[in-house]
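**Q** The structure's right below; bear with me while I get my questions together.
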Amino acid sequence: MRAYKNQLTPASQNSFFYWFLLVILEQMPKPTSRKHIRYFCLSCLTTTGMIGLFCSTPARASDSSLPLLDPNRTIAILGDSLATGGGSDPALKPDFSSLWNIMSGKDSLSQSATKSPTSPTQEALKVERLWPGPREFLSPIDWAVKHLWQGFARLLLDTEENSWGFITSQTLLTRQNKDHSGTLLIAAENGAKAASGIRQMDRLLDRLGNRLPATTFVLFTGNDLCAPMQPLMTTPSAFEDNLKDLFSYTLRNAKPLGASSEVVLLSYLGVLQLITSPALLDKKITIPASANFPEETLTCKQFRDTNRKAAPKSTSSQETDLPPELYYLSHVLSFNPALYCPSLFIEPLQNEQAVTNVANRIRAFREAEANAVTYANELKKKSYPNLPFSFRHIRETANVTFEPDDIANDCFHLSRQGQQKIADAVLKQF
């Protein structure tokens, strides 16, 4: 234990990961028997459970610490990493050494792309990320993991100012109010699928006292195509049911924050471009050098095909250039999209039918979106005729075409340029 502690820099000793791993590693025996393995698992579960018990519950809308929001200056978004700007910052490289530089303060996520000298009020739009709500609590361990993951993503992966929602909100608020001061509520979460829509809506309703702002955007795209194998991808019927459940839940529980409220569903993006467009497959990315690998320049196709996880191959953290905390973290995370989305990035490379399966699934998802919006408007008309709610489906986002500069350094997420294209498609409908 002392040997591990001596490897840490003073900065890393003050980090959360240091104290979290210290508690776990203090109890970690060499797994030479079933008894030792059982003790190790129990110590991990106990540690995580204690963290969960001490995680504070997010503030409720009735708390005086939360500011009241102007219904005409508030926009909300439900969705996935597109809404959080996850992976969009150019400082993020597909390598754990680069991640450690950000964690240790050597580098930082730059927001310079969102600053414009001709917009002195650029920072007037406030971004408020919403934590998991009380109804998402399943167990202390689950509660702790949700908060740990979201906190990690907020600090090290997400740049909300690069997201299509931020860009769209600025423009819409400027059109309505002559300036873009206001609040953007992001209930979205990295890696989310359409099945998480109700829980995200809960976060929003908790924040606003069971009310919705004038405009609430919904965009789930990409993650419902991700699975260990294609037969396990979200089915079109399940996708449609998830959206219908979200909309009916909204009608049952929400009221407008102002005079009226509109829920706007954006059509599924052309994710297939990532695996079929020659320009995107040939996009070049640079992976920094590490202890086991030299600096490399690879195309996105080569990066997905390679077994390089940017994680150390050696068996001891002393043999790498990574601090011990990141060495262990590198065995949990991966920057290679082929490893966390094999149904989209591995199977289509192995047989042509898999590409057709993805194309058909995307078309079915878009049809499911249209059906869900029609269902929501009919349900509102029939069962809630006096509720000033409406639902709209923006199909134009399905036609957005991406270029190499629109894709981030991990060959999966969108850069700010790509996010701008989504915002442009949305703004044309307003």
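**Q** With the checklist (1) closer than 22 Å to Pro236 by Cβ; (2) in contact (Cβ under 8 Å) with a residue 24 or more places away in the chain; (3) surrounded by fewer than 21 Cβ atoms within 10 Å (Cβ to Cβ) in hand, flag the one item Leu329 doesn't pass.
**A** Going through (1) closer than 22 Å to Pro236 by Cβ; (2) in contact (Cβ under 8 Å) with a residue 24 or more places away in the chain; (3) surrounded by fewer than 21 Cβ atoms within 10 Å (Cβ to Cβ) one by one, Leu329 breaks only (1).
**Q** Can I ask one more? Tell me the residue from Arg211, Arg252 that is farther than 18 Å from Thr397 by Cβ and in contact (Cβ under 8 Å) with a residue 40 or more places away in the chain, please.
**A** Just one listed residue meets the conditions, Arg211.
**Q** Hand me the list of strands (runs of 3 or more DSSP E) wholly inside region 219-308 holding 3 or more residues that are surrounded by fewer than 19 Cβ atoms within 10 Å (Cβ to Cβ) and over 22 Å from the mean Cα position of the chain (by Cα).
**A** Details: elements: 261-266, 284-287, 296-299.
Because the criterion is at least 3 residues that are surrounded by fewer than 19 Cβ atoms within 10 Å (Cβ to Cβ) and over 22 Å from the mean Cα position of the chain (by Cα), the strands (runs of 3 or more DSSP E) in region 219-308 that meet it are 296-299.
**Q** Just to be sure before I move on: is Gln176 in a helix (DSSP H, G or I), more than 30 Å from Ser343 (Cβ to Cβ) and assigned by TED's automatic domain parsing to the domain that holds Leu414 in the structure I sent? Talk me through it step by step, then tell me what you get.
**A** Values: in a helix (DSSP H, G or I): yes; more than 30 Å from Ser343 (Cβ to Cβ): yes; assigned by TED's automatic domain parsing to the domain that holds Leu414: yes.
Here the answer is yes, as Gln176 does meet what is asked.
**Q** Right, another one. For residues in region 329-357 being among the aromatic types (Phe, Trp, Tyr) and under 18 Å from Leu92 (Cα atoms), which is modelled with the highest pLDDT?
**A** Narrowing region 329-357 to residues among the aromatic types (Phe, Trp, Tyr): 335, 340, 345.
Then keep just the ones that are under 18 Å from Leu92 (Cα atoms); that gives 335, 340.
Working: Phe335: 80, Tyr340: 83.
Per the stated criteria, the residue is Tyr340.
**Q** Identify all residues within region 141-159 that are part of a helix (DSSP H, G or I) and surrounded by 18 or more Cβ atoms within 10 Å (Cβ to Cβ); write none if there are none.
**A** Residues satisfying the conditions are Trp143, Ala144, Lys146, Gln150, Ala153.
The values are calculated or read from the model by the stated rules, or taken from the named source; none is laboratory data. Here the structure is a predicted model, which means the values were calculated and not measured. FYI the Cβ positions are ideal-geometry reconstructions off the backbone, even for glycines, and counts take in every protein chain you see.
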